[in-house]
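Student: The structure under discussion is supplied below as structure tokens; questions concerning it will follow.
The values are calculated or read from the model by the stated rules, or taken from the named source; none is laboratory data. Because the structure is a prediction, the values reported are computed rather than measured. Cβ coordinates were reconstructed from backbone atoms using ideal geometry, including for glycine residues, and neighbour counts include every protein chain displayed.
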Amino acid sequence: MQLKNIQLSDSLEDIARIGVVFFKEISNGAVSAPLRKRIEDLADELRRTVAERPLSELEGVRRTRKLYHLVGVDPTKDRPSSERLLRRVIQNRALPKISKLVDAVNLASLSLQCPLGVYDWDKIVPPVLVRVGRPEDSFVGARKEPVSLEGRLVLVDGEGLFGNPSRDSTRTRVRLGTVRGLVVAWASAESPRSYLEDVLKEVIELATQFCEARVSESGILGY
């Protein structure tokens, strides 16, 4: 699969920008102590600097909520994954330990307040389309719960829906044995391209440092 195999629906061209990174090689596994310390250090910093502020004042939170508003979704009822991570930290709740790749991506998402989806490349059947969910659209979430996706931003491959900025499906989730990965970053079309470029750079740096990842291709979809 290549960047050209992922398309943004025409209806989203003035609404969304999507950043994509393909990792052709990953050393995934249990979360390492250095990665966990990096996450805990960031969590401590965020509790010191933003815990007493309304989340709506934070630029990253506002930017992502804008994307949801543009497609008619209330981001306080269906929260972006990045904001859910931030709220968990502020509430002094520990972030889950999942795997090196997932936790590295979560670290980038929490740091830059950008919703990021991370998927097992080998579980995806190209081509992939980014569009708005239809009334009948749903998938089985990571906790094996049914997730309705009508009116939501969604990723669709040859076997169905598998991700959106709030939740991801069981079918394409990253496992400890995952050797190739796809990361998708979500932003509004109003967000500067430089912002998404910084997000992708951070994802690549963290995955390289903690997962010995090698990049196959990366890029941005949307004007």
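Student: Please name all residue pairs, on different chains or six or more residues apart, with Cβ atoms under 9 Å, provided the first residue is in region 40-68 and is more than 15 Å from R87 (Cβ to Cβ) and touching a residue at least 60 places away in the same chain (Cβ under 8 Å) and the second residue is among the aromatic types (F, W, Y) and in a helix (DSSP H, G or I).
Tutor: Here the result reads R63/Y195, each pair linking region 40-68 to a residue that is among the aromatic types (F, W, Y) and in a helix (DSSP H, G or I).
Student: For K24, only one of the following conditions fails: (1) farther than 25 Å from R171 by Cβ; (2) among the charged types (D, E, K, R); (3) outside any helix (DSSP H, G or I). What is its number?
Tutor: (1)
Student: Being hydroxyl-bearing (S, T, Y) and under 23 Å from S191 (Cβ atoms) narrows it down to one of S111, S138, S148, so name that one.
Tutor: Values: S138 fails: under 23 Å from S191 (Cβ atoms); S148 fails: under 23 Å from S191 (Cβ atoms).
Exactly one residue qualifies, and that residue is S111.
Student: So if I check each of V128, V105, V89, which one is out of contact with any Ser or Thr (no Cβ under 7 Å at 6 or more places or on another chain) and either farther than 22 Å from R36 by Cβ or of a type in the set (D, E, K, R) (or both)?
Tutor: Values: V105 fails: either farther than 22 Å from R36 by Cβ or of a type in the set (D, E, K, R) (or both); V89 fails: either farther than 22 Å from R36 by Cβ or of a type in the set (D, E, K, R) (or both).
After ruling out the rest, the residue left standing is V128.
Student: So which residues in region 147-191 are of a type in the set (D, E) and part of a loop (DSSP other than H, G, I, E, B)?
Tutor: If we filter region 147-191 for residues that are of a type in the set (D, E), which is where we start, we get 150, 157, 159, 168, 190.
Residues satisfying the conditions are E150, E159, E190.
Student: Let me ask something else. Among the residues of region 16-39, how many are touching a residue at least 24 places away in the same chain (Cβ under 8 Å) and more than 17 Å from the chain's Cα centre (by Cα)? Working first, answer last.
Tutor: Taking region 16-39 first, the residues touching a residue at least 24 places away in the same chain (Cβ under 8 Å) are 16-32, 34-36, 38-39.
If we keep only those that are more than 17 Å from the chain's Cα centre (by Cα) too, we end up with 24-32, 34-36, 38.
Going through region 16-39 one residue at a time, the tally reaches 13.
Student: Next question, about the same structure. Would you please name the residue that is nearest to N92 (Cα to Cα), looking only at residues in region 23-41 that are touching a helix residue (DSSP H, G or I) at 6+ places or on another chain (Cβ under 6 Å) and aliphatic (A, V, I, L, M)?
Tutor: I39
Student: Tell me the residue from V125, V140 that is aliphatic (A, V, I, L, M) and modelled with pLDDT of 95 or more, please. Reasoning before the result, please.
Tutor: Details: V140 fails: modelled with pLDDT of 95 or more.
None of the others qualify; the one that does is V125.
Student: Exactly one of (1) closer than 30 Å to P126 by Cβ; (2) modelled with pLDDT of 95 or more is unmet by R38. Its number?
Tutor: Here R38 meets the rest and fails (1).
Student: Let me ask another. List every residue pair whose Cβ atoms lie under 8 Å apart, where the two residues are 6 or more positions apart in sequence or sit on different chains, the first residue falls within region 89-116 and is closer than 18 Å to T178 by Cα, and the second residue, located anywhere, is in a helix (DSSP H, G or I) and among the β-branched types (V, I, T).
Tutor: D103/I39; A104/V203; V105/V203; N106/I39; L116/V105; L116/V199; L116/V203
Student: From (1) at pLDDT 95 or above; (2) under 30 Å from P126 (Cα atoms); (3) not acidic (D, E), pick out the condition that doesn't hold for K97.
Tutor: Just one mismatch for K97, condition (1).
Student: Separate question: Being farther than 26 Å from V89 by Cβ and in contact with a Gly (Cβ under 7 Å, 6 or more places away or on another chain): is that true of L12 here?
Tutor: Spelling it out, it is not the case that L12 is farther than 26 Å from V89 by Cβ and in contact with a Gly (Cβ under 7 Å, 6 or more places away or on another chain).
Student: If a residue must be among the charged types (D, E, K, R), in contact (Cβ under 8 Å) with a residue 40 or more places away in the chain and closer than 27 Å to L70 by Cα, how many such residues does region 139-172 contain?
Tutor: Quick first cut of region 139-172, residues among the charged types (D, E, K, R) only: 143-145, 150, 152, 157, 159, 167-168, 171.
So of that shortlist, the ones also in contact (Cβ under 8 Å) with a residue 40 or more places away in the chain come out as 152, 167-168, 171.
From the residues that got through so far, the ones that are closer than 27 Å to L70 by Cα too are 152, 167-168.
So the answer is 3.
Student: Another question, if that's okay. Going residue by residue through region 213-223, is there one that turns out to be touching a Pro at 6+ places or on another chain (Cβ under 8 Å), buried (at least 17 other Cβ atoms within 10 Å of the Cβ) and not in a strand (DSSP E or B)?
Tutor: We begin by selecting, within region 213-223, every residue touching a Pro at 6+ places or on another chain (Cβ under 8 Å); these are none.
The answer is no; no qualifying residue exists.
Student: If you don't mind, there's one more thing I want to ask. Restricting the search to region 1-21, which residues are acidic (D, E) and assigned to a loop (DSSP other than H, G, I, E, B)? Give the steps one after another, and end with the answer.
Tutor: The first filter runs over region 1-21 and keeps only residues acidic (D, E), leaving 10, 13-14.
Across region 1-21, the qualifying residues are E13, D14.
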